[in-house]
Amino acid sequence: MRTLFTLLLTVLLLLPVTAVAATDEAGTIDELRKQVKDLSAELEDISDRVDKNERHTALDRINWYGDFRVKADTLHYSDTAWNPGVAVDLNQFATDVFSDPPTWGFDPLGIDGIPMTGDEGIIPGSPLANFAAQFPNHANAFFSGNVPAIGYLSMLGLDLGDRPEKSDLDNDVLYTTRMRLGMKANVWKNVNFSGRLSMYKNWGDSTGIKVFDSWNSFTMDGTNGGNTTGDWLRVERAYFDWKNIGGSNFYLSIGRRPSTYGPPSQFRENEMRGGTPSGHLVHFNFDGITVGYHLAELTGIEGMTARICYGQGFESEWGNGERFNNITTEDTHLGGLNLDIYNDGMTFVQLTAFAALDVVDGFKGTFAFPAELVELFAPTINQDAANFPNMNFMVRYQPSTVVGDMYLGGLGFTREEMNGVKYFGSFGWTRLDPNGKAGLFGGMASDNLYQAVLMDTDGDGTADSIVPVPTNKAADDSTQDGYGVYVGVQVPAPMGKFGLEYNYGSEFWTPFTQAQDDVIGSKLATRGHVGEAYYIFDINPKMFIKVGGIYYDYKYTGSGSPVGKPQKIDDVLDGKAFSMLPVVDTAWDGYASLTVKF
Amino acid sequence: MKKSTRILAVLFLAALFTTSALAAEGGNSRKGKYLYKKNCKTCHVAGAEGGELTPLSKTQAQWDRFFKKNAADCLEHVKGKLTGQDMTDINQFLFDHAADSDQPETCG
């Protein structure tokens, strides 16, 4: 454009000279006039086109980009079992029995006035006798005095030490498609908008809801982006950045946060840093506010940025039938600090620390109610529902109880060498601080405590059974600390990269990483050991194929959930402990994916 | 959904076969960043002789065109401090971080 204009001016300036020098060459003048006319016409045409481009640029305010991934997983679970049970207050049980022995069915003096031992004093036909008939091992343990303060009672009728049925599960192939559409817009010279719409589905299913057999199957606000939820395009992120406020290094960002795929998880994703906080601690969609300050100029430390974050994880009133005025929960608030200590593009050190206050017994979400739980918890409904074994009713779950506070902290390090080798290490700490309350699924790091009560089941006016009823108190209100480590390396390899990763989570390890899109479940939330190996074939800068496998060795139940007491997987399999949801001992996921960025 | 694992095996083989003729190539982006900061920023900052240039100043295609046109001039300008491969590394860094390249998805 500029060149053309210069050329035009040159022609115009030269025109008189040329005309004088060639007054006798009328043909030449005519030719030059024609050229000027042509150039003018072309300039006008180009000007029109530039105007259109300018108009289009001004109106086309969103810059779209994205990626598309198709993936095949082969899933294999070893030693899966389901043995739901309840925690019973045996101290209270003993107190109740010995305060009113005849009603419960125990005669401590026996028929001859000699104090009885063991279960000799059980009166036939009494509630205790009926209980002992159903659970002889439980009864023997109880009357021998060899019981803990809290015992577990199987809801499937298994006696103490009876092993639940266990089996292996193989899903030879599961196909999924994930599409993410990123948006960026320049609002003003120091204000940007960013967003990402995400669809993640497994092939052949767009119900958006799964049968509730694990917390991973719970469709909820914080994890929708990382769990298969049908063909809906959900808003995974939407926020603005208001930078250099008042000419300072402060920035303000509000909206649905970029709080997934943070470091160091970007290496296995074969992408750049995908989120702000540590991906080892936080991989969860939050709505909130970040106030940040770029400290590099102040400290001289490259890439140093401090961020204070606030968010809300649960709204207790709005939309929860609050006008009936029966709400007993509180809003769940989150706040914390995220500090990029050093970031020069090769070495990155990050500190993350935050708290979640007034955490409830599960977030709001939807799931298909399993027939197995209907049978246990809703026997009346089950009488009819049993006629439709292939139908599940859809449930909107709403937590009932504030169960405590959570605290999380972590320090991460990543390094990218000149030769393409990348490695990282991250240490995380989580603390569960229960308040002693419990909901349907339990309290924080604790089970809901049940109390054994007498019940007249046959309606004859006399108690004949002992049944557990929930007290909605936590069986244990001790503060519990958990820790996790995450290390990995990625090296250049023919046609791409090869990576190895390992992570471990302790008994009470409870990060917010449930939105990690591993189909078996967030590997970083695992209470146990996880190993992963993968090979990335870089087809071109915009396409890659990834082939790999993840091996899970679960040590404790409840990975990814602060609710419920973690039980040793081995104890559940041995019938010594119980779990409301099915447990898995080990699992492996072999996968192959093709990702296209655009 | 149960299907034969052979499907997966075929996919693996297809992946290997498909990529056998394709590979990422070019300069070393990390090395390019180091060289860019050490050599280029002396001239290409605001107010300096060469005018401000950051990776975000151009698109990927524009950077490639820029180097095709100006690499020789730059080499001449730095008087033997950089080799042809160094320029390729710098080009790779600027290409990888161009205005239309993938960017970190963080706030702020």
- Message: Yes or no: segment A:225-237 includes at least one residue that is closer than 26 Å to A:N192 by Cβ, among the hydroxyl-bearing types (S, T, Y) and out of contact with any Gly (no Cβ under 7 Å at 6 or more places or on another chain).
- Response: no
- Message: Let me spell it out: the conditions are (1) loosely packed, with under 14 Cβ neighbours inside 10 Å; (2) part of a helix (DSSP H, G or I), and B:K33 meets all of them except one. Which number is the exception?
- Response: (1)
- Which one is nearest to the other protein chains (Cβ to nearest Cβ), of the residues in segment A:540-598 that are among the charged types (D, E, K, R) and in a strand (DSSP E or B)? A:K597
- Might you let me know whether segment A:283-291 holds any residue that is part of a loop (DSSP other than H, G, I, E, B), modelled with pLDDT under 95 and within 12 Å of chain B (Cβ to nearest Cβ)? yes
- Query: Cβ-Cβ below 7 Å, separation at least six or inter-chain, first residue in segment A:509-524 and over 19 Å from A:A72 (Cα atoms), second modelled with pLDDT of 95 or more and charged (D, E, K, R): which pairs?
  - Reply: A:W509/A:R527
- Among the residues of segment A:445-490, the number that are more than 14 Å from chain B (Cβ to nearest Cβ), in contact (Cβ under 8 Å) with a residue 40 or more places away in the chain, touching a Lys or Arg at 6+ places or on another chain (Cβ under 8 Å) and in a strand (DSSP E or B) is 10
- Please find, within segment A:298-309, the residue that is modelled with the lowest pLDDT out of those that are more than 19 Å from A:T347 (Cβ to Cβ) and surrounded by fewer than 16 Cβ atoms within 10 Å (Cβ to Cβ). A:L298
- Considering residues of segment A:237-269 that are of a type outside the set (S, T, Y), at the interface with another protein chain (Cβ under 10 Å from one of its Cβ atoms) and closer than 30 Å to A:V491 by Cβ only, the residue surrounded by the fewest Cβ atoms within 10 Å (Cβ to Cβ): A:Q266
- Does B:L56 qualify as being surrounded by 15 or more Cβ atoms within 10 Å (Cβ to Cβ) and not acidic (D, E)? no
- Please work out if B:L22 is at pLDDT below 85, buried (at least 17 other Cβ atoms within 10 Å of the Cβ) and either at negative phi or not β-branched (V, I, T) (or both). no
- So A:G319 clears everything in (1) out of contact with any strand residue (DSSP E or B) (no Cβ under 6 Å at 6 or more places or on another chain); (2) among the small types (G, A, S); (3) under 17 Å from A:V359 (Cα atoms) except one condition, right? Which one? (3)
- Task: For A:T276, state whether it is closer than 21 Å to A:N244 by Cα, buried (at least 24 other Cβ atoms within 10 Å of the Cβ), within 9 Å of chain B (Cβ to nearest Cβ) and touching a Pro at 6+ places or on another chain (Cβ under 7 Å).
- Result: yes
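Table: residues versus (1) closer than 30 Å to A:M199 by Cα; (2) surrounded by 11 or more Cβ atoms within 10 Å (Cβ to Cβ); (3) aromatic (F, W, Y).
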residue: A:R33; (1), (2), (3): no, yes, no
residue: A:D38; (1), (2), (3): no, no, no
residue: A:K52; (1), (2), (3): no, no, no
residue: A:I62; (1), (2), (3): yes, yes, no
residue: A:Y65; (1), (2), (3): yes, yes, yes
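Residue-wise test of (1) surrounded by fewer than 16 Cβ atoms within 10 Å (Cβ to Cβ); (2) assigned to a helix (DSSP H, G or I).
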residue: A:D358; (1), (2): no, no
residue: A:T366; (1), (2): no, no
residue: A:L373; (1), (2): no, yes
residue: A:T380; (1), (2): yes, yes
residue: A:M391; (1), (2): yes, no
residue: A:R396; (1), (2): yes, no
residue: A:P399; (1), (2): no, no
residue: A:D405; (1), (2): no, no
residue: A:L411; (1), (2): no, no
- Item | Tally, over segment A:93-107, of residues that are acidic (D, E) and over 20 Å from A:N146 (Cβ atoms) | 2
- What do you reckon, is A:I539 buried (at least 19 other Cβ atoms within 10 Å of the Cβ), in contact (Cβ under 8 Å) with a residue 12 or more places away in the chain and among the hydrophobic types (A, V, I, L, M, F, W, C)? no
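Of the residues A:G362, A:G428, which single one is within 27 Å of the chain's Cα centre (by Cα), crowded, with 20+ Cβ neighbours inside 10 Å, outside any strand (DSSP E or B) and in contact (Cβ under 8 Å) with a residue 60 or more places away in the chain?
A:G362
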- Query: Which of the residues belonging to segment A:31-90 are of a type in the set (S, T, N, Q), in contact with a strand residue (DSSP E or B) (Cβ under 7 Å, 6 or more places away or on another chain) and farther than 30 Å from A:I150 by Cα?
  - Reply: A:N63, A:T74
- Check A:F250, A:F284, A:F240 and return the single one that is within 30 Å of A:R527 (Cβ to Cβ), touching a residue at least 40 places away in the same chain (Cβ under 8 Å) and of a type in the set (F, W, Y). A:F284
- Residue by residue through segment A:139-194, note down the ones that are among the charged types (D, E, K, R) and in a strand (DSSP E or B). A:K166, A:D168, A:D170, A:D172, A:R178, A:R180, A:K184
- Task: Among the residues of segment A:203-236, count how many are within 14 Å of another protein chain (Cβ to nearest Cβ), on the phi < 0 side of the Ramachandran plot and without any contact (Cβ under 8 Å) to a residue 40 or more places away in the chain.
- Result: 2
- Message: Name the residue that is surrounded by the most Cβ atoms within 10 Å (Cβ to Cβ), counting only residues in segment B:65-108 that are of a type in the set (D, E) and within 12 Å of chain A (Cβ to nearest Cβ).
- Response: B:D89
- Checking A:E501 against (1) crowded, with 23+ Cβ neighbours inside 10 Å; (2) modelled with pLDDT under 95, which single condition isn't satisfied? (2)
- Query: Can you pull out the residues in segment A:251-289 that are of a type in the set (S, T, Y) and in contact with a Phe, Trp or Tyr (Cβ under 8 Å, 6 or more places away or on another chain)?
  - Reply: A:Y251, A:S253, A:S259, A:T260
- Item | A:N419 out of contact with any Leu (no Cβ under 7 Å at 6 or more places or on another chain), assigned to a loop (DSSP other than H, G, I, E, B), among the polar types (S, T, N, Q) and at pLDDT below 95 | yes
- From A:R396, A:R415, residue being within 14 Å of chain B (Cβ to nearest Cβ) and of a type outside the set (D, E): A:R415
- Count of segment B:49-108 residues which are over 30 Å from A:E236 (Cα atoms) and in a loop (DSSP other than H, G, I, E, B): 11
- Kindly list the number of the only condition in (1) modelled with pLDDT of 85 or more; (2) more than 14 Å from chain B (Cβ to nearest Cβ); (3) over 30 Å from A:G225 (Cβ atoms) that fails for A:F98. (1)
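The values are calculated or read from the model by the stated rules, or taken from the named source; none is laboratory data. All figures in this text were calculated on a predicted structure; none of them were measured in a lab. Using ideal geometry, Cβ is built from the backbone for each residue, glycine included, and neighbour counts are taken over all protein chains shown.
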